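S.K.: Starting off with a structure, shown below.
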Amino acid sequence: MDRNTIGNEIEAEINASYRYKNLRELIDILLSVIILKTGKKELVGIEERLYVSLGKIFDGETTINDIKLCLSNVIKIEPLLKKMILLIDEDEYDKIVQENLGLAHVITQLGLNPDNKKLDRKPEDYLCDGNYMEHVARSYALRNSESHTYVGWTRREIYTNLDSVLITCLRAVEINKKALISNLKKKSINNELNIENYLNEITQQLKKRMSRFIHIRGEENFSVLGSYVIEYQDDTSDSRRRKGTVEYLRDNSIPERRMMIWGEAGMGKTTTLEYLTYMDAKKRLKDSNYNIPVLVLLGVMTKATYTIKQYICDKLDIGVDICESLLEEGKINLFLDGLNEIPADAGGNLKTLRMREIKQLLRDYPKTFIIITNRPQDTSIL
């Protein structure tokens, strides 16, 4: 059963019991949480088991006995609620795993028990509660249930318990909707990124280039490439100008997230950007949350129809939508090398288009750190 059909079935099942103006939105978020792969060993496989089981339960041709066989994957909601915690607060998730904290703690963390009521009471005791505590308590009571528990259930009992589980999960989604939407988008993008080969290629290329030179101490040390620079501002005294290596300034002193490196030919502008790309690639290989480096050599982009965004898409093997999301969220460190080297065509259109494109990138993506290199004689970007 496809996702849309499962969503329709869930909506039809609980529409009368769950009061929310846009119930389908919550259901879609819940299904996104279910199918998301997290890479956490404690959660491995639940996305497939839970999704497939829901499809079988809502398939009109599934027998009652087969439905009962699928119930344990759906009824026991602790893993799914922990998955929500992971999306909302990874530190809290790690604490839950390390300290082996149970479902009651997870329920509290998700805001499902705002009045800190006892969860081991009969669900019927909470019939008039406005926080869906009847369903939360019923879901809690099912936390240790096994397949033999469901053998004697009637169809009504099956769907009473199933509805409570679904309502509890949707209530958790409603309470934490903003955080879930934001982090689902980030996790989904990370899942679609497969850039390890790209990053390894960057590191290997620079190592190969540097292997032609021998460091005086006989050891690998690329820090010599970190050019020392001084901020240029007409109205700033020398004592107030920001100074240091490009890498240091970028990481510590440039809240504007914009740098222009000016230098004559042969002064190491390109090498500096290659060094930054290399260092960022190494960091990204160790930490998937670190920004992705992309170095664009403007001098070799000779086609007016081939944009910088498309170049990024091709390098990372991603679609334009993911590229734009990464730029919007500041997840790319963008290095534009050789503003003065943009090729000139007969009508001068290419340079005009490329300059317009760069200005658009600077304007549209304030969270993305962009470093541009240029010759002192060319001030056309300013």
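S.K.: Would you kindly identify the helices (runs of 4 or more DSSP H) lying entirely within the range 297-382 that contain at least 2 residues that are loosely packed, with under 12 Cβ neighbours inside 10 Å and in the same structural domain as Asn200 (by TED's automatic domain parsing)?
M.R.: Helices (runs of 4 or more DSSP H) meeting the threshold: 349-364.
S.K.: Further question on the same structure: Could you list all residues from the range 276-296 that are among the aliphatic types (A, V, I, L, M) and outside any helix (DSSP H, G or I)?
M.R.: Ile292, Val294, Leu295, Val296
S.K.: Turning to a different aspect of this structure: Just to be sure I understand, how many residues within the range 158-203 are without any contact (Cβ under 8 Å) to a residue 12 or more places away in the chain and among the acidic types (Asp, Glu)?
M.R.: So the answer is 1.
S.K.: If I ask for residues that are assigned to a helix (DSSP H, G or I) and either in contact with a helix residue (DSSP H, G or I) (Cβ under 7 Å, 6 or more places away or on another chain) or without any contact (Cβ under 8 Å) to a residue 40 or more places away in the chain (or both), which ones from the range 1-24 would you list?
M.R.: Listed by number, the residues that qualify are Arg3, Asn4, Ile6, Gly7, Asn8, Ile10, Glu11, Ala12, Glu13, Ile14, Leu23, Arg24.
S.K.: How many residues, within the range 277-294, are surrounded by 20 or more Cβ atoms within 10 Å (Cβ to Cβ) and in contact (Cβ under 8 Å) with a residue 60 or more places away in the chain?
M.R.: 6
S.K.: Can you tell me which residues in the range 66-99 are modelled with pLDDT under 95 and touching a Cys at 6+ places or on another chain (Cβ under 7 Å)?
M.R.: Hit for the range 66-99 is Ile77, nothing else.
S.K.: Given the criterion buried (at least 17 other Cβ atoms within 10 Å of the Cβ) and either at pLDDT below 90 or on the phi > 0 side of the Ramachandran plot (or both), identify the matching residue among Ile34, Ile29, Ile46, Ile14.
M.R.: Among Ile34, Ile29, Ile46, Ile14, only Ile46 is buried (at least 17 other Cβ atoms within 10 Å of the Cβ) and either at pLDDT below 90 or on the phi > 0 side of the Ramachandran plot (or both).
S.K.: Scan (1) at pLDDT 95 or above; (2) more than 23 Å from Lys37 (Cβ to Cβ); (3) among the β-branched types (Val, Ile, Thr) for the single condition Thr63 breaks and write down its number.
M.R.: The single condition Thr63 does not satisfy is (1).
S.K.: For the range 100-159, give me each residue that is buried (at least 20 other Cβ atoms within 10 Å of the Cβ), at pLDDT 95 or above and among the hydroxyl-bearing types (Ser, Thr, Tyr).
M.R.: Answer for the range 100-159, where residues must be buried (at least 20 other Cβ atoms within 10 Å of the Cβ), at pLDDT 95 or above and among the hydroxyl-bearing types (Ser, Thr, Tyr): Ser139, Tyr140.
The values are calculated or read from the model by the stated rules, or taken from the named source; none is laboratory data. These numbers come from a predicted model, not from an experiment. Quick reminder, even Gly has a Cβ in these numbers, built from the backbone with ideal geometry, and neighbours come from all protein chains shown.
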